[in-house]
Amino acid sequence: MPIDRKSAVKLPRGIRLVVVVLAWLFSLAAGQAAAPVEVSPAAGQTGHWAYEPIARPTPPPVSQADWPRNPLDRFILSELEAQGLGPSPEADKRRLIRRATLALTGLPPTPTEVEAFLADASPRAYERVVDRLLASPRYGEQMARNWLDLARYADTHGYHIDSHRDMWRWRDWVVESYNRNQPFDQFTVEQLAGDLLPNVTPQQRLATGFNRNNMLNFENGALAEEYLVEYVADRVVTTSTVWMAQTLQCARCHDHKYDPFTQRDFFQLFAYFNNVPEQGLDGRTGNAAPLLKTPTPQQQWRHDDLQRQLAACQEAWRQRSAEAVAARRAWEQALGEGRGDSSLPPPGALASFALDDAPPPPAAIEGPALWLPGKYGNGLLLGGQTRLEVPGLGAFERSDAFTIGLWVYPTTGDRMTLVARQENSERRRGYALLLDGDRLELELVHEAGKNLLQVRADRPLRRRQWQHVLVTSDGSGKAAGCRVYVDGVVQELESLHDALDGSIASDEPLRFGGAVGGSGFRGLLDEVKVYARTLTPTDAAVLAGSDPIGELAAVPEAERTAEQQATLHEYYLRHHDAEGRRLGEQIASLRDQLAALDRSMPTTMVMVEADPPRATHILQDGDYRSPGERVLPGTPASLRALPAGAPPNRLALARWLVDPRHPLTARVAVNREWQHFFGEGLVRTSEDFGTRGERPSHPALLDWLAGEFIRGGWDRKQLHRLIVTSATYRQSSRTTAESWERDPQNRLLARGPRTRLPAEVLRDSALLTAGLLVEQLGGPGVYPYQPKGLWKEVSYNPQEFTAQVYTPSVGADLYRRSLYTFWKRAVPPPPMVIFDAPDRETCTTRRPRTNTPLQALVLMNEAGFVEAARLLAERILAEAPHGTPRRIEYAFELLLARGPSAAEQAIVERTLREQRAEYQQDVASARQLLAVGQWPADSKLDPVELASWTIVASMLLNLDEGLHD
Amino acid sequence: MLGFLDRGRPAVSRRHFLARGTNGLGLVALASLLNPRLLGGERAENRGSRGLAGLPHHAPRARRVIFLFQSGGPSQVDLFDPKPEVRKRHGEELPESVRMGQRLTSMTSDQKSKPLTASPFRFRRHGASGAELSELLPYTAQVADDLCLVRTVHTEAINHDPGITFFQTGSQQPGRPSMGAWVSYGLGSEVEDLPAFVVFLSGGVPGDQPLFGRLWGPGFLPSQHQAVKFRGQGDPVLYLSNPPGVSESTRRRMLDGLAALNRLQHDEWGDPETLARIQQYELAFRMQRTLPRVMDLSDEPAETFELYGEDAKQPGTYAANCLLARRLAERGVRFIQLYHRDWDHHTNLPSRIRGKCQQTDQASAALVHDLKRRGLLQDTLVVWAGEFGRTVYCQGDLERDNYGRDHHPRCFTVWLAGGGVRAGQTVGRTDDFSYNIVEDPVHVHDLQATLLHCLGIDHERLTYRFQGRDFRLTDIAGKVVEKLLL
């Protein structure tokens, strides 16, 4: 953070100019002067360096000509020489491999990797290590972390209620993109406008999630039009920060005060992103439309496999169907002769109550029960106060198919409840079948009055007559997916509400004959059945006591319609043919599995263009209530113009950004990569390349790198390779008082980088060295240890919203890389935030690096770090069995990639000795320490020995050296 | 009701606490052991406990702030702003000439009838100043002469998230530093083994309006300026306790070994950051010893619990947090922020507001009284506020003895005490419906400017450059409200 400008080393402007001019003269003399790429100053150009075309500087000449390893180094060395300084010697091999491994994979090297590097005497040994690291899948995980900060990635919506969202498929796409070294220009275009590419792939649509990572608000009482503006403004700000490092947000309310952007520029960019068909206040039940279903590779494989099986079964069914004609005719004939069964009751009911007498528990009758002759046997007489209650039955969600059927004998036509599994609350969550003015009503309710489905049969039931009532819902959650049958005849339905979007689950029992708080049914009930599937019209008729199949079979074959013939044939196959029944059941089962798989497939939020496009207006003072002049999509006038005929959509914007002649994109990108490896960018204000940002420490180097990046096809791995194999990066970070005095910020890079590791790397490294790290690429967020109550003390109603109560993972998910830790914006993981991670509410280009007592407390006391120290101790004891000095050496090798000095040995040995003495006096405490964490302690080890080593391991995990790269 | 105004001074003086609290080894002493260049500012982020050069801008009246935030929007109509006219016109429609088309939340914007709803709670004048307070606040009434009531605070937001965010960060949208973070950044802390900015939470049961980390977050300021949350369950500060089985002597031994190893490291590599790390570990160790003592109320006499109420014995309650706020103020913590949830009374307001007052009235008043008798009130600014007020009209159907009120941003009441504030006055006048401001509007930015002013900070000069712009708490507005000040 640029909070301490006074101490920043700045060359006096005059000297800097002389250096640059001299270098240029030199290059002229050598006949290497590069022609400027293209000078395209647009209107309003300020002459500010960042808006000038990227120059193609020649690496300057240097005196110490044998030092540079690649051209990058000549820019650094020439500046050092101009200052009368020299570079540091190369870091020793141990420190070098540790630095590169941490930077490229976010994890330290293993002792074996270190040994192999030491043993490799070839001049390209280091380059080989770098290639290995770049090829590791850990590379993508490490690099993605920076991108998630930029993209304000989180697992919750943010703002008020901050409930769960699923954007992890997008996060995994980022990891994968780094690992397959997708060029940065494609990475850019797909994230900003993948959906608009010709022949778009699902992966390219998925990539557009970048601009759906913005927060979403659905606080009760909020106004959609206010928040729609905020979402789009966030996209403008994030996009311009990430690709141009420009502070466009300053131009939302008025023209930018310092940089060449007008308010019109802001709203022209706004127009690109203002075209997502989103509602403004959705997100209540998870992801908000527009959505993309994004099966994982495993799910896709399973889906394809089930589809193949289904196709095979269907083929077998067709064959059997053709073969079975004769057998069906024989069956028909037998039926005609009064032998065999025709219609069979549908099998597989979840529950069935004959109601001849009191049903078995857990079903129970609430209120006075009277048994009278029913439709079949007895029936239950209800007087408005009595109900049949079945706990646990019928726990159907909106997305579940179900059927409820029963015989009813109503004695009045008042509004009364026949069947309900519904809360007795204002929101009335659940489902119910009612009678109102003799007419049947089915409702599925998330929130009464606004978020529900309600249909009504147009024909009334008859009073004082037995009728069979059957309702089905197909799991679509739509009115069109509901059926109501009376006596096996499907009824015309009127849709009263068709706006269900949310859970209908309740903890109530399923109640027949009444609901708590509603008026109960008066009349008789009999033969109640509940199915977890949608019954067919034939099934409905059978349950209503008809014999539709027998009737069809009685019609001579020649007189049947094709439809009747098909129904009969299929019924025969399904119910009376052994092979047909088997296949039918198999097909049904496969369809169920496919449906369940389909439901379990994660979705992700994506960008889609609304049709027709939404109009964008300049908002006075940036306020959504004050729309002014209408504007069309367009890029800022002060930067290069869009090519003639560019379409007014995001694709044109994305392509404009990655045009090699764009002055900002490549500079901004390479600067951030530099920042990753050296701790600070060449432009320290990596978020602001405007006139108020800092100037680059090495402007020519920035341009050279940007040019190389573009010319090399925006190859990110190549850029990283170039940086980490440079002599500049390979310098020792040893600091003398003099060199510190001269350049405390190390802006001139007369020494190698030494930066405190990010939160995630600290935790992941501890897990790796402890042998606990579970490496599994991708997947939903996981929940490592967290002190109790942290979410609950700030969160909203957990009954109504997700991600309000923290439940730690069990087993492997406790030990995954921190990239996968569930990120709740209102309560980001405390160990991460304490080590300077952002809250991910807005775009962040760089984290501060503080040094606080709370960080010490995390590393010493947080359960995960304590457990890691114990497992590290176990590992040392198991893998280095030969005496304390060797064990200490091994611990140093694991943690620091080097052995201890004699002085260090002595200190650690002393700590161990004293600690052992303390635990020998207090074995109970030793055992207590070993019980921290889910991973059980090795019971074969002496608890005193293990606990003492755990303290030593914890001490070594806290070493300042280990916290730095 | 206890007349606690009559009580004598407590036996323990503030000086005693300060002496004990810092344990003889302050920042300066420790710092002198270290490389002096470290404190010269090369790595500015290490200077967590030092303020900015040039601050305070002027002589402060307050050295610290205790902010009692009543989250959800307490009803000024039922607590602070009596309206006889509404009583006369109870049940009549809110005149359109009063509302003037101003925007409403979507909870009542479509509600056809907006009946004026008189408060059933009686108001009386209290103290020499004659401050008018509702019967729901009997304890606050006893300290009325120590308060400055501001009836004309107004805000720009109409819903909780933007409302609280605006009150705490000066902007409705996320991304800015919180008030306490600004103060920590500007002034640093007075003591070294306690944080400069502390937050307490209370009142949360499932269904209460949520809170979020950004309300006490650092925004774009260096992250050490975020609040440290003091908790009523588990460790008082996250990760403060040693793991089970690790004694203080073990911890000391491990830290001695660690410091020795780190010093060797520094000798070889020369990075002053390493020395700073040693210092932070020592601070952590001292926090481990100090904080449990600060949080342990067993040294409080019985009289304390009579004053703050029995709730104060229960960790995590508002009353306990008020008492802890006093203990932290005694020890020099700069910015102490309490959040109490569930003032969002859209329905069943009469019974719910009574419950909230029972949880908060006694302890809020006790805090003011307790600070005063200990001589701390004069340089401690106490603020009692919610994010907005509530509508004079009823949300939902007005029943005989029940009603609710929607959010109301156009006027609400806040009280201030101590630290340079002119006590014993009621500032500002609202119209007959507690709907619009008639006299002396105080915008949230004005209140923030005034709060900073009391701390000796010119709100226009406490800035931080981020993304090319010099940001400040009060954005581009805010003026110090002289009327509130001594």
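The values are calculated or read from the model by the stated rules, or taken from the named source; none is laboratory data. Not measured: the values here are computed from a predicted model. Cβ sites come from the backbone with ideal geometry, for glycine too, and all protein chains shown count toward neighbours.
The residue list B:GLY396, B:GLY404 contains one member that is in contact (Cβ under 8 Å) with a residue 24 or more places away in the chain, surrounded by fewer than 24 Cβ atoms within 10 Å (Cβ to Cβ) and part of a loop (DSSP other than H, G, I, E, B), which is B:GLY396. Listed by position, the helices (runs of 4 or more DSSP H) contained in segment A:255-340 that have at least 3 residues being surrounded by fewer than 17 Cβ atoms within 10 Å (Cβ to Cβ) are A:297-323, A:325-336. Checked against (1) under 30 Å from A:GLU219 (Cβ atoms); (2) away from every other protein chain (no Cβ under 14 Å), A:ALA125 passes all but condition (1). Scanning segment A:538-567 for residues that are touching a strand residue (DSSP E or B) at 6+ places or on another chain (Cβ under 6 Å) and in a helix (DSSP H, G or I) gives A:ALA540, A:LEU543. Checked against (1) touching a strand residue (DSSP E or B) at 6+ places or on another chain (Cβ under 8 Å); (2) more than 11 Å from every other protein chain (Cβ to nearest Cβ); (3) free of Cβ contacts under 8 Å to residues at least 12 places away in the same chain, A:VAL782 passes all but condition (3).
In segment B:431-444, what residues are within 22 Å of the chain's Cα centre (by Cα) and either within 14 Å of chain A (Cβ to nearest Cβ) or over 19 Å from B:GLY419 (Cβ atoms) (or both)? Scanning segment B:431-444 gives B:PRO441, B:HIS443.
Residue by residue, here is whether (1) in contact with a Gly (Cβ under 9 Å, 6 or more places away or on another chain); (2) buried (at least 21 other Cβ atoms within 10 Å of the Cβ); (3) more than 8 Å from chain A (Cβ to nearest Cβ); (4) in a strand (DSSP E or B) holds:
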| site | (1), (2), (3), (4) |
| --- | --- |
| B:ILE158 | yes, yes, no, no |
| B:THR165 | no, yes, yes, no |
| B:PRO177 | yes, yes, yes, no |
| B:SER184 | yes, yes, yes, no |
| B:PHE200 | yes, yes, yes, yes |
| B:PRO210 | yes, yes, no, no |
| B:PRO236 | no, no, yes, no |
| B:SER241 | yes, no, no, no |
| B:GLY245 | no, yes, no, no |
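Pairs linking a residue in segment B:254-282 that is not in a helix (DSSP H, G or I) to a residue that is not basic (Lys, Arg), with Cβ atoms under 7 Å and 6 or more positions apart or on different chains, are B:GLY270/A:THR735; B:GLY270/A:THR736; B:GLY270/A:ALA737; B:GLY270/A:TRP740; B:ASP271/A:THR735.
Here B:THR463 fulfils each of the conditions (1) touching a residue at least 12 places away in the same chain (Cβ under 8 Å); (2) touching an Asp or Glu at 6+ places or on another chain (Cβ under 8 Å) apart from (1). Counting only helices (runs of 4 or more DSSP H) that fall entirely inside segment A:70-126 and contain at least 3 residues that are within 23 Å of A:TRP740 (Cβ to Cβ), the qualifying elements are A:71-82, A:93-105.
Restricting segment B:445-486 to residues that are of a type in the set (Val, Ile, Thr) and within 14 Å of another protein chain (Cβ to nearest Cβ), which is surrounded by the most Cβ atoms within 10 Å (Cβ to Cβ)? The extreme case among them is B:THR463. Suppose the filter is surrounded by fewer than 16 Cβ atoms within 10 Å (Cβ to Cβ) and in contact with a strand residue (DSSP E or B) (Cβ under 7 Å, 6 or more places away or on another chain); does A:GLU494 pass it? It is true that A:GLU494 is surrounded by fewer than 16 Cβ atoms within 10 Å (Cβ to Cβ) and in contact with a strand residue (DSSP E or B) (Cβ under 7 Å, 6 or more places away or on another chain). Under the condition of being touching a helix residue (DSSP H, G or I) at 6+ places or on another chain (Cβ under 9 Å), touching a residue at least 40 places away in the same chain (Cβ under 8 Å) and of a type outside the set (A, V, I, L, M, F, W, C), the residues counted in segment A:802-820 number 5.
Comparison of A:LEU453, A:LEU434, A:LEU470 shows that the only residue that is buried (at least 21 other Cβ atoms within 10 Å of the Cβ) and closer than 19 Å to A:LYS375 by Cβ is A:LEU470. Going through (1) over 18 Å from the mean Cα position of the chain (by Cα); (2) without any contact (Cβ under 8 Å) to a residue 40 or more places away in the chain one by one, A:ALA193 falls short only on (2).
Evaluation of A:ALA666 against the conditions (1) assigned to a loop (DSSP other than H, G, I, E, B); (2) within 26 Å of A:GLY209 (Cβ to Cβ); (3) more than 14 Å from every other protein chain (Cβ to nearest Cβ) shows that the sole unmet condition is (1). Restricted to segment A:449-472, and to residues there that are part of a loop (DSSP other than H, G, I, E, B) and at pLDDT below 90, the residue that is farthest from the chain's Cα centre (by Cα) is A:GLY449. Scanning segment A:156-189 for residues that are more than 14 Å from chain B (Cβ to nearest Cβ) and in a loop (DSSP other than H, G, I, E, B), we see that the one that is nearest to A:LYS824 (Cα to Cα) is A:ARG165. If you go through segment B:279-291 and keep only what is of a type in the set (A, V, I, L, M) and more than 8 Å from chain A (Cβ to nearest Cβ), you end up with just B:LEU291. Of the residues making up segment B:219-234, those that are in contact (Cβ under 8 Å) with a residue 60 or more places away in the chain, part of a loop (DSSP other than H, G, I, E, B) and within 7 Å of chain A (Cβ to nearest Cβ) number 2. On the basis of being more than 16 Å from the chain's Cα centre (by Cα), free of Cβ contacts under 8 Å to residues at least 24 places away in the same chain and facing chain A (nearest Cβ under 7 Å), does B:PRO206 make the cut? Considered against the rule, which asks whether it is more than 16 Å from the chain's Cα centre (by Cα), free of Cβ contacts under 8 Å to residues at least 24 places away in the same chain and facing chain A (nearest Cβ under 7 Å), B:PRO206 comes out as yes. Filtered by the rule that a residue be under 20 Å from the mean Cα position of the chain (by Cα) and assigned to a helix (DSSP H, G or I), segment B:300-326 gives B:TYR308, B:ASP311, B:ALA312, B:TYR318, B:ALA319, B:ALA320, B:ASN321, B:CYS322, B:LEU323, B:LEU324, B:ALA325, B:ARG326. Scanning segment A:791-833 for residues that are closer than 28 Å to A:PRO936 by Cβ and either at the interface with another protein chain (Cβ under 8 Å from one of its Cβ atoms) or outside any loop (DSSP other than H, G, I, E, B) (or both) yields A:GLY811, A:ALA812, A:ASP813, A:LEU814, A:TYR815, A:SER818, A:LEU819, A:TYR820, A:THR821, A:PRO830, A:PRO831, A:MET832. Check segment B:147-154 and report whether any residue there is under 24 Å from A:ASN220 (Cα atoms) and at pLDDT 95 or above. Checked segment B:147-154: at least one residue is under 24 Å from A:ASN220 (Cα atoms) and at pLDDT 95 or above.
Of the set (1) surrounded by 19 or more Cβ atoms within 10 Å (Cβ to Cβ); (2) more than 8 Å from every other protein chain (Cβ to nearest Cβ); (3) farther than 24 Å from B:LEU238 by Cα, all apply to B:ASP267 but (1).
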